[in-house]
Amino acid sequence: MSKKADVVVIGGGVHGCSIAYHLAKKGYKKIVLLEKSYLASSGTGRSAAGIRHQFGTEINIRLSATSVKMMENLAQELDYPRGIDLMQGGYMMLAYTESQLEQFKTNAALQNSLMNAGTRILTVDEILKIVPTLNTEGVVGASFNEKDGHVDPFHVTQAYADAAARLGVEIMTRTEAVDIRVAGGRVTGVVINSGEVIETPVVVNAAGPYGALIGKMVGLDIPLYPERHQILVTEPLEMFLPCMVISFTHGTYFKQTPHGSLLLGVGDPEHEVKDFNEESTWQFLEDVARKITYHMPVLKKVRVVRQWAGLYDMTPDSQAILGKTGVEGFYLDVGWSGHGLQLGPVVGKIMAQVISGEEPDIDISVMNLERFKTGALIPEPACV
Amino acid sequence: MPDRTIVCRCEDLSLEEIRELIDQGFKSIDEIKRISRCGMGPCQGRGCRQIVAQEIAAATGKKLDEIEMPKFRPPVKPVKLGILLGGEKEDE
Ligand SMILES: Cc1cc2nc3c(=O)[nH]c(=O)nc-3n(C[C@H](O)[C@H](O)[C@H](O)COP(=O)(O)OP(=O)(O)OC[C@H]3O[C@@H](n4cnc5c(N)ncnc54)[C@H](O)[C@@H]3O)c2cc1C
């Protein structure tokens with residue numbers, strides 16, 4: 001048995017759903033989205049739900065500022081009654097050395113000149129006005145943007161999926177792409193786990209941490225690997241922390257969600273497993289307890305209620321791989337490491353433009369797959 | 001307001017709301033949890049998980065033991081960060 005589609009999108013995270021919606025909006029009639037589990041079940045649903053302007057490369061600054069703007073209006077645009085829980089209280093990035101502070105100043109200047117982002121550099125006194133309970137020992141300043149913040153990953157994804165479905169996209173959950181057919185250097189179809197073949201001239205790989213496996217199906221070697229990251233959640237508290245606080249020095253970040261609970265994260269790329277393991281560990285609990293109570297001693301009395309783990313989809317420069325490939329009709333939107341949730345809206349739109357042969361709103365050519373051969377890596381200094 | 005049968009006390013979700021979500025296609029405990037926060041509160045689903053599982057079973061015609069349970073994620077009981085450090089006392 002076989003059926004036909006104009007486009008098959010593999011992956012029901014925020015990127016896949018956004019791409020499907022934007023393609024449907026362009027008038028593509030027969031779009032199928034495949035998700036092996038349920039929507040937002042992988043990276044998207046396991047993220048820290050943060051959105052920010054504060055990046056250090058032109059490409060990420062343009063993408064993220066545009067995406068934040070799209071988020072501000074997303075629930076209305078997509079006519080999504082549950083809302084996406086957008087909260088803009090800022091991101092505060094702590095600097096512990098003068099050279100780190102210099103880097104933040106350079107980043108802020110670029111953000112403000114390219115996108116009028118409104119990023120400011122704070123003194124320690126200004127930091128304490130925003131977060132009085134922060135331990136500022138060793139802190140020399142911070143970068144702050146008050147329009148950074150939080151969105152609910154499930155709702156953003158569901159909002160795109162519902163809007164896409166209304167435009168006729170067929171969303172097949174619990175359906176896995178198991179092979180891709182290629183003939184004469186171009187894609188011709190996708191085989192799903194039932195054995196059925198969906199004939200299609202276009203396949204989009206938005207499979208997140210599983211993206212390299214999808215690449216293999218067309219004979220492409222994508223330098224993409226999973227890396228576990230973990231998060232811990234506390235009981236809900238009265239609102240007291242308006243912004244996300246990040247320290248690249250400690251690999252730590254923490255914030256309070258609109259619901260009141262605190263979300264605490266520590267990145268530990270040196271020790272974390274690099275496979276498809278999504279189990280939480282006790283060691284992480286202790287590590288977070290130590291590091292976060294150092295930043296905020298008052299949190300010692302707060303109770304942890306839950307913990308989870310998710311996979312970053314890592315590339316050699318921790319930046320995404322986007323666009324066309326050497327296989328005709330096979331497109332990539334993978335490799336977002338720890339910052340891809342917020343970019344779902346803008347990248348979905350751009351991917352739809354690229355697939356339909358239009359000039360994209362933002363030039364994404366630096367994110368090509370070839371850069372790992374040519375060495376033209378993307379030097380993003382602001383990633384956790 | 002009409003009587004509501006509360007399923008999830010922590011997040012104030014009623015049986016009707018849960019049934020509506022199942023109706024809309026959220027057919028596993030994890031999906032319902034993520035869209036509605038059911039089971040994400042301080043009790044971590046101890047109160048509601050079983051009821052939601054029964055509702056899914058009833059709606060999908062599956063047996064109760066075929067319904068996938070959410071993953072166990074430590075800690076089992078809420079614990080203070082300070083205790084994890086070894087410094088705090090539980091009843092302070
Ligand atoms: C702990 C943690 C914290 C994070 N914090 C943030 C943050 O604060 N802000 C931010 O912007 N980003 C954050 N991220 C990163 C963000 O979650 C990801 O970059 C983003 O969600 C990627 O979305 P995606 O749609 O590309 O991939 P995913 O959400 O991973 O979706 C890929 C989907 O493809 C499906 N799939 C895979 N293989 C197949 C197949 N063969 N057939 C069918 N389906 C398949 C998977 O089941 C999955 O649902 C964080 C990530 C983690 C793990």
_Any chance A:Y312 is within 19 Å of A:A48 (Cβ to Cβ) and within 14 Å of the ligand (Cβ to nearest atom)_ = yes
*Among A:G89, A:G50, A:G56, A:G43, which is within 12 Å of the ligand (Cβ to nearest atom) and closer than 23 Å to A:G141 by Cα?*
A:G50
*Which of the residues spanning region A:360-375 are out of contact with any helix residue (DSSP H, G or I) (no Cβ under 7 Å at 6 or more places or on another chain) and in a loop (DSSP other than H, G, I, E, B)?*
A:D363, A:N368, A:L369, A:E370, A:G375
*Please specify each residue of region B:50-85 satisfying the condition of being part of a helix (DSSP H, G or I), more than 8 Å from every other protein chain (Cβ to nearest Cβ) and surrounded by 18 or more Cβ atoms within 10 Å (Cβ to Cβ).*
B:V52, B:A53, B:E55, B:I56, B:I83
*Tally the residues that are modelled with pLDDT under 90 and at the interface with chain A (Cβ under 8 Å from one of its Cβ atoms), restricting the search to region B:23-40.*
1
_Tell me whether region A:206-213 contains one or more residues that are part of a loop (DSSP other than H, G, I, E, B), within 18 Å of A:V32 (Cβ to Cβ) and not small (G, A, S)._
no
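Looking at region A:68-84 only, could you name the residues that are within 14 Å of chain B (Cβ to nearest Cβ), open to solvent by less than 80 Å² (accessible area, probe 1.4 Å) and not aliphatic (A, V, I, L, M)? Quick ask: steps written out before the conclusion?
Here is the first cut: in region A:68-84, the residues within 14 Å of chain B (Cβ to nearest Cβ) are A:80-84.
If we keep only those that are open to solvent by less than 80 Å² (accessible area, probe 1.4 Å) as well, we get A:80, A:83-84.
Scanning region A:68-84 gives A:Y80, A:G83.
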*asked:* Condition check: more than 8 Å from chain B (Cβ to nearest Cβ), touching a Pro at 6+ places or on another chain (Cβ under 7 Å) and surrounded by 23 or more Cβ atoms within 10 Å (Cβ to Cβ). Does A:L311 satisfy that?
replied: yes
*Verdict on A:M296 being open to solvent by 20 Å² or more (accessible area, probe 1.4 Å), away from the ligand (no atom under 15 Å from the Cβ), touching a strand residue (DSSP E or B) at 6+ places or on another chain (Cβ under 9 Å) and under 23 Å from A:D148 (Cα atoms)*: no
_Six or more apart or on different chains, Cβ atoms under 6 Å: show the pairs whose first residue is in region A:30-44 and in contact (Cβ under 8 Å) with a residue 24 or more places away in the chain and whose second is near the ligand (Cβ under 6 Å from one of its atoms) and open to solvent by 30 Å² or more (accessible area, probe 1.4 Å)._
A:K36/A:E176
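Pick from A:D221, A:D162, A:D179: which is more than 22 Å from A:E278 (Cα to Cα), of a type in the set (D, E, K, R), assigned to a strand (DSSP E or B) and open to solvent by 10 Å² or more (accessible area, probe 1.4 Å)?
Numbers: A:D221 fails: assigned to a strand (DSSP E or B); A:D162 fails: assigned to a strand (DSSP E or B).
Unique residue meeting the criteria: A:D179.
What residue, among those in region A:315-342 that are within 10 Å of the ligand (Cβ to nearest atom) and touching a Gly at 6+ places or on another chain (Cβ under 6 Å), is farthest from the other protein chains (Cβ to nearest Cβ)?
Of all residues in region A:315-342, those within 10 Å of the ligand (Cβ to nearest atom) come to A:320, A:333-342.
Checking the rest, the ones that are also touching a Gly at 6+ places or on another chain (Cβ under 6 Å) come to A:320, A:334.
Details: A:A320: 24, A:V334: 22 Å.
Checking each candidate, the answer is A:A320.
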_Top-ranked residue in region A:368-384 [being crowded, with 20+ Cβ neighbours inside 10 Å and under 15 Å from the mean Cα position of the chain (by Cα); ranked as nearest to the ligand (Cβ to nearest atom)]_ = A:V384
*In region A:182-209, how many are open to solvent by less than 50 Å² (accessible area, probe 1.4 Å) and of a type in the set (S, T, Y)?*
1
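Restricting the search to region A:17-49, which residues are outside any helix (DSSP H, G or I), more than 18 Å from A:A5 (Cβ to Cβ) and either away from chain B (no Cβ under 11 Å) or of a type in the set (A, V, I, L, M) (or both)? So that I can check it myself, show each step before the final result.
As a first pass, look at region A:17-49 and keep what is outside any helix (DSSP H, G or I): A:26-42, A:47-49.
This time we only want the ones that are more than 18 Å from A:A5 (Cβ to Cβ), so: A:37-42, A:47-49.
Selection gives A:L39, A:A40, A:S42, A:S47, A:A48, A:A49.
The values are calculated or read from the model by the stated rules, or taken from the named source; none is laboratory data. Bear in mind the structure is a predicted one, so any value in this text is a computation, not a measurement. Cβ coordinates were reconstructed from backbone atoms using ideal geometry, including for glycine residues, and neighbour counts include every protein chain displayed. Heads up: the accessible areas ignore ligands, DNA and RNA and are worked out on the full protein's heavy atoms, side chains in. Shrake-Rupley method; radii C 1.70, N 1.55, O 1.52, S 1.80 Å.
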